[in-house]
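Participant: Quick one: the structure is below, questions incoming.
Where a number appears in this text, it was derived from the coordinates with a stated rule and is not lab data. Because the structure is a prediction, the values reported are computed rather than measured. For neighbour counting, all protein chains shown are included, and Cβ atoms are generated from backbone atoms with ideal geometry for every residue, glycine included.
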């Protein structure tokens, strides 16, 4: 064998080794996503019958999170339970605020499961309010979600899906929410780089095979816009923040714990209270002020309005998609 032939042979061997490693990585990714998706499906079946008038939000949230772990997964973010005009980011605070489901409520549950950082994200709505104006609000989100799924394929711009979602939700006489919508999911990152908008006028991104997307639909009786409330019970590490001076000892301890246990995934302040008996609120406050943490404020439509939500996670395949949740 000449020197050139040997080099060529070594290169081919190395290349096939790299390809094998890549294939193995892809296999682990898909298997982890399917496992997370199966857990999410089981958790939804478990919690739906327990959402009743008189049920306390804290009980529903904590048993949902416990069920995820019981089935072998981890919460990719705190379970969101958003009622009526609250659209997103509500989870129970450290001290139970007594939030209870009433007979005129619309209740949204949004949950995420991860296995080794591979995430699925899914949501559904339960309606107790019998007002005629809300008769089709859940159906609006579900029909739009089904239509969006049917469009999905590699090389499609998500803007086209946004047009379809907007058209369907408005056709039901509700408004999509412009600040919220679907999103790409990456490993250890719930909201990836690419967006799947609710409106056709919003910019889109090209879908590629192998990517994960959460198709997330909101329908509102209001103007289709949400604002930050003053409340935040969910936080997330800012991976771009450099070293900053921290005055409080508890802030340093919290930061170490967050880095180790949650990485870049959102977490609840009440999760920290299980590990740290004192100083959680002061520690979080300093970490937010120093830019180490991002606070996720509870998002709301105008008071008196109602919002419904449906969401499923899909894996983009060569000719379409595989639904994971």
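Participant: What translational diffusion coefficient, in µm²/s and rounded to a whole number, does the Stokes-Einstein relation yield for the range 203-325 at 25 °C and a viscosity of 0.890 mPa s, taking the hydrodynamic radius as the Kirkwood radius over Cα pairs?
Facilitator: For these conditions, the coefficient is 141 µm²/s.
Participant: When only Cα pairs under 8 Å and 6 or more residues apart are kept, what is the percent relative contact order across the chain? Mind dumping the intermediate values first?
Facilitator: Details: 692 pairs, mean separation 70.3, N = 325.
In percent, rounded to a whole number, it is 22.
Participant: Once you order the gyration tensor axes a ≥ b ≥ c over the Cα atoms, which shape class does the chain get: rounded for a/c under 1.5, otherwise prolate or oblate by comparing a/b with b/c? Don't jump to the answer; show the numbers that get you there.
Facilitator: Details: a/c = 1.93, a/b = 1.25, b/c = 1.55.
Cα axes put the chain in the oblate bin.
Participant: Looking only at Cα atoms, what is the convex hull volume of the range 217-284 per residue, in Å³?
Facilitator: Details: hull volume 10.0 nm³, N = 68.
It is 146 Å³ per residue.
Participant: May I ask you to sort 109, 161 by Cβ crowding, counting other Cβ atoms within 10 Å and putting the fewest first?
Facilitator: On the way: 109 22, 161 27.
Ascending Cβ contact count within 10 Å gives the list 109, 161.
Participant: I would also like to ask the following. Looking at the square roots a ≥ b ≥ c of the eigenvalues of the Cα gyration tensor of the range 140-229, which shape do they give, rounded for a/c under 1.5, prolate if a/b is larger than b/c, or oblate?
Facilitator: Because a/c hits 1.5 or more and a/b fails to exceed b/c, the range 140-229 counts as oblate.
Participant: Go ahead and estimate [θ] at 222 nm for the chain from helices alone: -39,500 (n - 2.57) per DSSP H run with n ≥ 4, summed, over the residue count, rounded to 500.
Facilitator: Counting only the DSSP helices, I get -12000 deg cm²/dmol.
Participant: For the range 141-160 and the range 29-64, what is the separation of their C-alpha centers, rounded to whole Å?
Facilitator: Here the two parts' Cα centres lie 25 Å apart.
Participant: Take the Cβ-Cβ distance between residue 318 and residue 179 as r, set R0 to 25 Å, and report the resulting FRET efficiency rounded to the nearest 0.05.
Facilitator: 0.15
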